[in-house]
Amino acid sequence: MWQLQQSVETVDVAALLRAVDGLCASRQWDELADLARRCREAVERGKQLWPVATHIDYRLALEGPASHAAAVLRPGAGRFALGPLTEVAASTHDFESLAPYLADPISASAVVQERVLRGEDLQRPGVTPTELPNRMLGWEPTYALPTYSDRQALFPQPDVATRALGSPRRMTTGRSLAENGAESGVRALRAVAEVWASESNGSIDAAVVEGGAEDAVGCVADHAALAEISAAEALSLLQWAGASGGAHGRRRGGAAGRFSAWWAVAALTGIEWQGDVEELGAALGGAVAELTWYRWEPVHATQGWTLRLAVVDPVDGLAWAVDARDDADG
């Protein structure tokens, strides 16, 4: 390790990254973890090696054995990695292999939910309950999940996000209900993509009205193309947006995206978030099917990250619309 220590002392980032690749290829995980420790100690001495330490944590989470992958899952770790390390580790390790080494309860809960998104049924004794059911429910869609590799990550959109919507038309405008209880749905829809606005270049507009989908969309766009989608497709869009960090924000991860989607449905339908999560899931499954969902686009659709949904509650005669957008250029 003498040569590696020299690279640390001279802050030779290129040499250190080549060393990381070599240690991963030869599966020298203890040596790789030790190099991360050396880089972090050097950071405390003023040497700018935190990108190398972060990259090593990412590679350990992605490629290392379960014991090493779990060891890097701690609050604050991977701040500038390609994605949350809990999501990265869960993309290549099952829960059973990671569980014995998960020391941090918050990270453990996130790993549980990330594995649930990947098809594991963890609603069983010995697995700590989390804020959502530890299994996928029948009314949930197959969510779009990322693929991580050593130098890049792919974050696919749900298929419905790219479906043609037809020709734009002039929208009507309903009476805004900003001061009544329906405003909680507006706040929940805005919260789904809040990172796009708070940490990146994005902006969010949302409204609730008495009326239909066109009345709600008319509050945020004069002309738009509008098409009905299924509840499952709407949930997949909400989860994708809630997981994303947009152009420059920190990605929250698939588990956070699922929570955002559930929270939005609860707020839109007035279901209280309390009690048994299985009962909550059953209630939301019934409620989400009673809503009518739409995807819409303005006349000049923007590139980048977008969440443009409208949702109608036909029983109460209310409709909501959200226009969230972000792009790399700002």
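The values are calculated or read from the model by the stated rules, or taken from the named source; none is laboratory data. Bear in mind that the values here come from a model prediction, so they are computed numbers and not experimental data. In this analysis, Cβ positions are derived from the backbone assuming ideal geometry, glycine residues included, and neighbour counts consider all displayed protein chains. These accessible areas exclude ligands, DNA and RNA; they are computed on the full protein's heavy atoms, side chains included. Shrake-Rupley method; radii C 1.70, N 1.55, O 1.52, S 1.80 Å.
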- Item | Residue that is most open to solvent (accessible area, probe 1.4 Å) [pool: residues in the range 80-103 that are part of a loop (DSSP other than H, G, I, E, B) and under 12 Å from ARG118 (Cβ atoms)] | ASP94
- ALA161 vs. criteria on the phi < 0 side of the Ramachandran plot, in a helix (DSSP H, G or I), among the aliphatic types (A, V, I, L, M) and surrounded by fewer than 22 Cβ atoms within 10 Å (Cβ to Cβ): yes
- Task: Determine the pairs where a residue that is within 13 Å of ALA153 (Cβ to Cβ), located within the range 85-97, has a partner that is part of a helix (DSSP H, G or I) and open to solvent by 20 Å² or more (accessible area, probe 1.4 Å) with Cβ atoms under 8 Å apart, the partner being 6 or more residues away or on another chain.
- Result: GLU87/ALA110; THR92/GLU63
- Query: THR269 passes all but one of (1) surrounded by fewer than 19 Cβ atoms within 10 Å (Cβ to Cβ); (2) more than 25 Å from ASP159 (Cα to Cα); which number fails?
  - Reply: (1)
- Message: If the requirement is being modelled with pLDDT under 95 and not in a helix (DSSP H, G or I), which of these qualifies: PRO133, PRO125?
- Response: PRO125
- Message: Checking ALA191 against (1) over 22 Å from GLU272 (Cβ atoms); (2) among the aliphatic types (A, V, I, L, M); (3) open to solvent by less than 90 Å² (accessible area, probe 1.4 Å), only one condition comes out false. Which one?
- Response: (1)
- Conditions: (1) of a type in the set (Gly, Ala, Ser); (2) over 14 Å from ARG308 (Cα atoms); (3) free of Cβ contacts under 8 Å to residues at least 60 places away in the same chain; (4) surrounded by 17 or more Cβ atoms within 10 Å (Cβ to Cβ). SER198 meets all but one. Number of the miss? (4)
- Task: Considering only the range 299-313, state which residues are open to solvent by 30 Å² or more (accessible area, probe 1.4 Å) and within 17 Å of THR172 (Cβ to Cβ).
- Result: VAL299
